[in-house]
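The next block holds one structure in the form of structure tokens; read it before the comments.
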Amino acid sequence: MTMTMIGLDTAKAVFQVHGVDAAGQPQLKRKLKRDEVVAFFERQAPCIVVLEACGAGHHWARVLTGLGHEVRLVAPEVARPFVRSGRKNDAADAAALCAAAMQPEVKYVPVKSTEQQGVLALHSIRSLLVKQQSMLANAMRGLATEFGLVAPKGIDRLDELGTRMQKDASVPATAKLAFEELRGHSRITAARIIELEARIVEHARQDGTARRLATIPGIGPITASLLAATIGGNIGAFRSARNFAAWLGLVPRQFSTGGKTRLGRITKTGNSEIRRLLVLGATSMVLRAAQWNSAAGAWLRGVLERRPVRLATVALANKMARIAWAVMARGEIYRPKGRAAVATTAA
């Protein structure tokens, strides 16, 4: 039995193995318990092992690489079309991994190091807490609205709303207690977010790639840290800046046929958190477009004259992603073009 490729469907306790030869013919179908996986691959001759890039995929990729195998991670959406209709099970998933990896145009996910995953864990927790903070704010506003109290937008206006809530004699004590419970939880969440952001900023200052990315207008330390931890030294996996922007889902969908090109909204594929932060950064730059003194600023002002603000924001986020690719690929800092010289006056 000669296997050149093995599809490994991972789980918590039971793993499914699907081995194929060079012609793609199945040679092995087997279930493994978790504690049998390492021993099984130690007995196998070095081959290509294909895993799904989710859950513990990066952990098993590092383990199997250490055993001498070539590990390839594929995104879940890449393998999904190769699962036979009506036959969704572990064996079918493992076979789909092999079928997907045999396609010439398939793109693989770079294996992350433990250091990268550690930094990404900080970003994941921060994102979760920010979402919870928004939920708590909405819950407090909703509770106050039940008693006819409203406040302007902004997290910082909730303390004012709480004070009014406590002073309003028509609000029962039980509602005031419920509001204070939410406000206390919100304050704790805000403090945790500040602590996490401090650690992320520290990483951005220490990492060379993150420092270079932070020189790009609209990209702050949090976005720079996330890009550096996600991409790291694997920017070579993207052939061009457009390829990188497409991976982030910042290019329009195509509905073209008969030689007619029709473009729709952006695809929103790839890493949603990076895309969200780039759009937020682009939004801040759109608000300062009039003072942005460079070729990119002039380009943005031209787009704003022809297109709606939201479309210009997404277009700028696409441009920022392409600049980020160039900065990472060339190992250089961002150098703005077309910046006007500052006028000097004679003494």
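The values are calculated or read from the model by the stated rules, or taken from the named source; none is laboratory data. It should be emphasised that the depicted structure is a prediction, and the values quoted were computed from it without experimental measurement. These area figures cover heavy atoms from the full protein model, side chains too; ligands, DNA and RNA do not enter into them. Shrake-Rupley method; radii C 1.70, N 1.55, O 1.52, S 1.80 Å.
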Computed on Cα atoms only, the convex hull of the chain has an orientation-averaged projected area in nm² of 27.7
So the angle from the long Cα axis of helix 57-66 to the longest Cα principal axis of the chain, reported in degrees to the nearest 10, equals 40
If one builds a Gaussian network model of the chain from Cα atoms under 10 Å apart, the most fluctuating residue listed among Arg199, Arg84, Arg62 is Arg84
The distance between the Cα centres of the stretch 2-39 and the stretch 113-132, in whole Å, is 31
SASA check, Lys107, accessible area w/ 1.4 Å probe, all protein chains in place, rounded to nearest 10 Å², comes out at 110
As straight-line cross-link partners of Lys29, the qualifying aspartates and glutamates (C-alpha separation under 13 Å, not fewer than 8 residues apart within one chain) are Asp9, Asp21, Asp90, Asp93
If each part is reduced to its alpha-carbon centroid, the stretch 264-310 and the stretch 146-222 end up apart, in Å, by 25
In cubic angstrom per residue, the convex hull of the stretch 1-143 built on its Cα atoms measures 153
With Cα coordinates, the longest principal axis of the chain makes an angle with the long axis of helix 158-167, in degrees rounded to 10, of 60
Taking N as the residue count of the stretch 123-167, its alpha carbon Rg divided by 2.2 N^0.38 Å gives 1.27
Expected unfolding gain across Gln166-Gln103 under the 0.36 nm per residue rule, minus the alpha-carbon gap, is 16.3 nm
With the 1.4 Å probe rolled over protein heavy atoms, the chain has an accessible area per residue in Å² of 56
Expressed as a percent, the accessible surface of the chain that is carbon or sulfur, using a 1.4 Å probe and the full set of protein chains, is 55
Row for the stretch 109-242, column shape: gyration tensor on C-alpha, a ≥ b ≥ c, rounded if a/c < 1.5 i.e. under 1.5, prolate if a/b over b/c, else oblate; value prolate
Inverse of <1/r> over all distinct C-alpha pairs of the stretch 107-187, i.e. the Kirkwood Rh in Å, gives 14.8
Relative contact order in percent for the chain (Cα pairs under 8 Å, 6+ apart) equals 11
Kirkwood Rh over alpha-carbon pairs of the stretch 88-149 plugged into Stokes-Einstein at 4 °C, 1.567 mPa s gives a D in µm²/s of 79
Beyond 30 Å (Cα-Cα) in this structure, taken from Lys260/Lys319; Lys31/Lys131; Lys31/Lys112; Lys107/Lys319, we find Lys31/Lys131
Which residues qualify? For Gly249, with a placed amide H closer than 5 Å and at least 5 residues away or on another chain, they are Thr269
Ranked by GNM mean-square fluctuation in the chain (Cα springs under 10 Å), the top entry among Ala204, Ala99, Ala245 is Ala99
Note: the stretch 1-72 at 37 °C, 0.692 mPa s; Kirkwood Rh on alpha carbon pairs; Stokes-Einstein D in µm²/s works out to 271
Cα-only Rg/Rh for the stretch 192-347 with Kirkwood Rh rounds to 1.02
Within the set Val314, Val111, Val37, GNM on the chain using Cα springs under 10 Å gives the largest fluctuation to Val37
To the nearest 10 degrees, the tilt of helix 114-145 (Cα long axis) against the first principal axis of the alpha carbons of the chain is 40
Semi-axes (Å, rounded, descending) of the ellipsoid equivalent to the stretch 259-334 per its C-alpha gyration tensor are 20, 19, 13
